[in-house]
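Peer 1: My questions all concern the structure below.
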Amino acid sequence: MSPKASGIYEGELFDLSERFGASHGWSASRLESYGTCPFEFFVAYALGLEPREEAEEGFDVRMLGSMWHKILEEVYGGAELKDAAGKVFASAPADYGFRPTALWTQQQAELLRALEKTIAALDKISQGYTPKQMEARFGMGNPSLVLKTSAGDVRLHGYIDRLDAAPDGSLRVIDYKAGSTAITANHLKEGRRLQLPIYAMAARDALGLGEISGGFYWHIQKAEASSLKLEKFEGGVNAAFETAIKHIGDHVAGIRAGHFEPKAPEEGCPSYCPAIGFCWRYKRGF
């Protein structure tokens with residue numbers, strides 16, 4: 001409980017290079033977890049622990065994100081919004097494992113209004129763009145993204161929420177976010193937000209869908225794009241890719257070497273971290 005580390009071995013463990021070797025498949029979320037707090041990665045993915053939570057009624061933000069992703073996939077696949085939302089909401093409690101409260105009917109109406117607003121706002125900034133592909137999968141049966149990093153070749157897999165084609169044929173990557181926490185260029189520079197450049201490189205290199213001219217995170221509830229945009233990153237899209245690749249190499253090397261020192265983010269630790277109950281560096285978020 002000392003306010004400062006008592007030595008250089010705080011959070012040090014053992015050699016994990018074999019477990020997380022060259023054949024291991026990585027996801028963006030796991031690499032971001034390590035970039036945010038190495039100890040969170042260790043507890044969640046090396047030990048495989050989950051937070052102990054009291055059973056609650058209703059859905060959480062992760063369930064909400066899954067519902068919104070599914071509805072938007074259906075809408076941009078050609079379905080009417082009300083039809084897509086009704087279908088997803090009808091099976092949501094069973095599909096995502098929550099018990100609806102007495103407010104569920106009202107909540108559905110509120111969520112539908114939020115979706116109407118976000119679709120209108122997204123359409124407004126998408127003039128000239130054409131939705132090209134939704135939920136494009138790389139890895140997991142499709143070609144993986146293989147990056148050459150300082151830690152050697154790193155294989156990645158995932159699902160790309162949305163790819164839009166620009167008038168010149170280049171691609172714009174959009175990643176939907178249910179949360180409202182701001183995502184800035186500094187998060188990429190610090191190695192905490194890697195999903196967007198990883199997905200962009202996967203679309204270009206693993207799936208061969210075309211060159212990338214831009215991309216952003218889309219906050220569904222706020223109906224606005226993140227301030228982090230690949231095309232506006234210092235040095236442009238390629239510089240964003242290079243920054244991500246450097247962090248990926250550093251993260252993988254740290255994981256293999258057993259470096260899992262706790263590092264609470266400035267804004268506080270996420271509520272879903274499984275180490276909240278016992279981490280000696282835990283910092284309550286706001």
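Every read-out reported here was derived from the displayed coordinates using simple, explicitly stated rules and does not represent laboratory data. What you see is a predicted model; the values in this text were computed from it and never measured. Cβ placement follows ideal geometry from the backbone for every residue including glycine, while neighbour counts extend to all protein chains displayed.
Peer 1: Sort 143-156, 184-197 by packing, meaning the average of other beta carbons within 10 Å per residue, with the highest value first. Before the final figure, lay out each step's value.
Peer 2: Values: 143-156: 17.0, 184-197: 20.1.
Listed from highest to lowest mean packing, they are 184-197, 143-156.
Peer 1: Hey, which lysines would be in cross-link range of residue 283, C-alpha to C-alpha under 18 Å, not counting anything within fewer than 8 residues on its own chain?
Peer 2: 4, 263
Peer 1: On a full-extension model of 0.36 nm per residue, what is the gain between residue 253 and residue 232, subtracting their alpha-carbon distance, rounded to one decimal in nm? Can you show the working numbers first?
Peer 2: Details: separation 21, 0.36 × 21 = 7.56 nm, distance 2.88 nm.
That pair, residue 253 and residue 232, stretches by 4.7 nm at full extension.
Peer 1: Let me ask something else. Let me spell out the model: positive unit charges on the Cβ of Lys and Arg, negative unit charges on the Cβ of Asp and Glu, origin at the Cα centre of segment 85-156. What dipole size does that give, in debye rounded to 20? Numbers along the way, then the final one.
Peer 2: On the way: 9 positive and 6 negative charges, 22 e Å.
With only Lys, Arg, Asp and Glu charged at Cβ, the dipole is about 100 debye.
Peer 1: With θ set to phi - 60° and the Karplus curve 6.51 cos²θ - 1.76 cosθ + 1.60, what are the ³J(HN,Hα) couplings of segment 68-85 in order, to the nearest whole Hz, using x for Gly and Pro?
Peer 2: Going residue by residue, I get 5, 4, 5, 5, 5, 4, 5, 5, 7, x, x, 7, 6, 4, 5, 5, 5, 5 Hz, with x marking Gly and Pro.
Peer 1: 7 Å from Cα along Cα→Cβ at both residue 19 and residue 148: what's the point-to-point distance in nm?
Peer 2: Going by the 7 Å Cα→Cβ label model, 3.0 nm.
Peer 1: To continue, here is another question. Which of the following values of Rg and Dmax of the Cα atoms in Å was calculated from the structure shown: (1) 28.6, 85; (2) 19.8, 59; (3) 17.6, 50?
Peer 2: After the calculation, the listed value that fits is (2).
Peer 1: Here's something else I'd like to know. What is the antiparallel percent of DSSP beta bridges lying wholly in segment 150-286, to the nearest 5? Don't skip to the answer; put the middle values down first.
Peer 2: On the way: 7 of 15 bridges.
Approximately 45 percent, going by the DSSP bridge assignments.
Peer 1: Ranked from highest to lowest mean number of other Cβ atoms within 10 Å per residue, what is the order of the peptides 236-242, 213-219?
Peer 2: Values: 236-242: 17.4, 213-219: 21.6.
Going from most to least packed, we get 213-219, 236-242.
Peer 1: What lysines does residue 117 reach when the alpha-carbon gap must be under 30 Å and sequence neighbours fewer than 8 apart in one chain are set aside?
Peer 2: Partners found: 70, 82, 87, 132, 177, 222, 229, 232.
Peer 1: For the chain, what is the charge dipole size about the Cα centre, in debye to the nearest 20, if Lys and Arg each add +1 at the Cβ and Asp and Glu each add -1 at the Cβ? Show your work: numbers first, answer last.
Peer 2: Values: 32 positive and 37 negative charges, 51 e Å.
Magnitude of the dipole: close to 240 debye.
Peer 1: Once the piece of chain linking residue 267 and residue 117 is laid out straight, how much longer is it, given 0.36 nm per residue of separation minus the C-alpha distance between them?
Peer 2: Details: separation 150, 0.36 × 150 = 54.00 nm, distance 2.82 nm.
That pair, residue 267 and residue 117, stretches by 51.2 nm at full extension.
Peer 1: For segment 31-101, what D do you get in µm² per second when you plug the Kirkwood radius from alpha-carbon pairs into Stokes-Einstein at 37 °C and 0.692 mPa s? Write down the numbers at each step before the final one.
Peer 2: Values: Rh = 14.4 Å.
Value of D from the Cα-based Kirkwood radius: 228 µm²/s.
Peer 1: Using modelled backbone amide H atoms (1.01 Å from N, in-plane), which distant-in-sequence or interchain residues come within less than 5 Å of residue 217's amide H?
Peer 2: Amide H to amide H, under 5 Å and 5 or more residues apart or across chains, residue 217 pairs with 175, 226.
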